[in-house]
1. Ala69 - would you say it is modelled with pLDDT under 95 and out of contact with any Pro (no Cβ under 7 Å at 6 or more places or on another chain)?
2. Report, by residue number, each residue of the stretch 161-198 that is part of a loop (DSSP other than H, G, I, E, B) and either in contact with a Gly (Cβ under 9 Å, 6 or more places away or on another chain) or of a type in the set (Lys, Arg) (or both).
3. Would you check if Ala136 is out of contact with any Cys (no Cβ under 7 Å at 6 or more places or on another chain) and within 30 Å of Gly194 (Cβ to Cβ)?
4. All but one of (1) at pLDDT below 95; (2) surrounded by 14 or more Cβ atoms within 10 Å (Cβ to Cβ); (3) outside any helix (DSSP H, G or I); (4) not charged (D, E, K, R) hold for Gln263; which doesn't?
5. Checking the conditions here, which among Lys91, Lys146 is free of Cβ contacts under 8 Å to residues at least 12 places away in the same chain, in contact with a helix residue (DSSP H, G or I) (Cβ under 9 Å, 6 or more places away or on another chain) and away from the ligand (no atom under 16 Å from the Cβ)?
6. Take the residues in the stretch 231-255 that are small (Gly, Ala, Ser) and assigned to a loop (DSSP other than H, G, I, E, B), then tell me which one is surrounded by the fewest Cβ atoms within 10 Å (Cβ to Cβ).
7. Looking at Leu32, Leu21, Leu17, which one is of a type in the set (A, V, I, L, M, F, W, C), free of Cβ contacts under 8 Å to residues at least 24 places away in the same chain, within 15 Å of the ligand (Cβ to nearest atom) and surrounded by fewer than 21 Cβ atoms within 10 Å (Cβ to Cβ)?
8. Where residues in the stretch 35-58 are surrounded by 12 or more Cβ atoms within 10 Å (Cβ to Cβ) and more than 16 Å from the ligand (Cβ to nearest atom), which of them is nearest to Ile87 (Cα to Cα)?
Amino acid sequence: MTAPELRARLAPAGERLAAWLYPRRCPFCDALLGPGAPFAACCPACAQEERRLRHDPPRLPQSEHSFSALGTAAGAYYYAGAVRHAILLCKGHGRPWYARELADLALIHVFGAAPAKAPGGRPVWQGPAGLAPYSAIVPVPPRRGKDRTALPHLIAKRLGQVLGVPVLAPLRVARELKPQKTLTREERLRNVRGAYAVRPGTDLGGKRLLLVDDVITTGATVSACALALLEAGAVEVAAFCLAADEELPKEKRTPAQGGQKPQERQDP
Ligand SMILES: [Zn+2]
C-alpha cells in the first residue's frame, strides 16, 4: 500500500477520533450533533429548514444566471435563511468547521453519497467503480488572503476526500478585483472579465474539472474562472456551489412570509 493510500484509509478513523474529542455541531444552529442527527450533518430541529432551502433539482437555471464556458452548474441550496447564515459564519466569522457539514449535505443531496453512519464520519460515495466523475476539483481562488483557509477550498477539499478526486489550485486572481457583492449585474461581469488566470506552467490538458465556489450569484465569477481553465487545456468545466443566490420559489417561502421574498436573518 502506498503512503497516500494508507493516509486515505486511516483518515476516516482520525476524523471519528477528532469528532469524539471535539463533537461536531449543526451548521445552522450550532447545536451538538447527536447519534440521531439527520444525514449525520444537521440537528433534528433544523431538518425542516434544511429541506425547505434545498435547490431541487440542483441544476442552476440559465434564466437566473449568466453562464458561459461552463458545461453545467449545480447548487445544493438557495442562498437564504439558515443556509445563508451558516455560510456567512464560515466566511470570516470564525466558524470554518461548518464547511464540512455543509459539504457533506451537498455530497448527499447533489452527488448521491450515502450519509455517514454518525456525526464526525464520512459520507460514502459509490459511483461507478474505477470511473472518477472528474479529473480534479478546482476551488475559485479568494480575492485576497490564503487559498487554503477560504471557503471554496474547504468545500473542495471535502468533496475531493469523499469523491476520491484530487483538489488542484491552478487559478489565481490576476489583477485587482472589487468585491462582487457591491456591484450591479453588468458591473460584476466587467469586474471579473480576464481577472482570473491559471498559474504559469500548469497543464490542464484533457482534464474534466469541477469548479467549486461557495455562492453563485450572477455566474460571472465561475464563468471567468472556467474560461481560464479551458484556455489552459481543460476539456470540460462544470461548476458547483453550496448555495445559489436566486429568488426563492413560492413553495419554498414560509407562510409567515405571505408569498413574499423572505426576510433574511440578521447577518452574524
Ligand atoms: Zn440545528
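The values are calculated or read from the model by the stated rules, or taken from the named source; none is laboratory data. For clarity, every value in this text was computed on a predicted model and none was experimentally measured. Counting neighbours? That spans all protein chains shown, and the Cβs are built from the backbone with ideal geometry, glycine included.
1. Considered against the rule, which asks whether it is modelled with pLDDT under 95 and out of contact with any Pro (no Cβ under 7 Å at 6 or more places or on another chain), Ala69 comes out as yes.
2. Gly164, Pro166, Ala174, Arg175, Lys178, Arg193
3. Taking the combined requirement at face value, the residue satisfies it.
4. Here Gln263 clears every test but (2).
5. Working: Lys91 fails: free of Cβ contacts under 8 Å to residues at least 12 places away in the same chain.
Of the residues listed, the single one that is free of Cβ contacts under 8 Å to residues at least 12 places away in the same chain, in contact with a helix residue (DSSP H, G or I) (Cβ under 9 Å, 6 or more places away or on another chain) and away from the ligand (no atom under 16 Å from the Cβ) is Lys146.
6. By that ranking, first place goes to Gly233.
7. Leu32 is the lone residue from the list that is of a type in the set (A, V, I, L, M, F, W, C), free of Cβ contacts under 8 Å to residues at least 24 places away in the same chain, within 15 Å of the ligand (Cβ to nearest atom) and surrounded by fewer than 21 Cβ atoms within 10 Å (Cβ to Cβ).
8. Filtering first and then ranking leaves His55.
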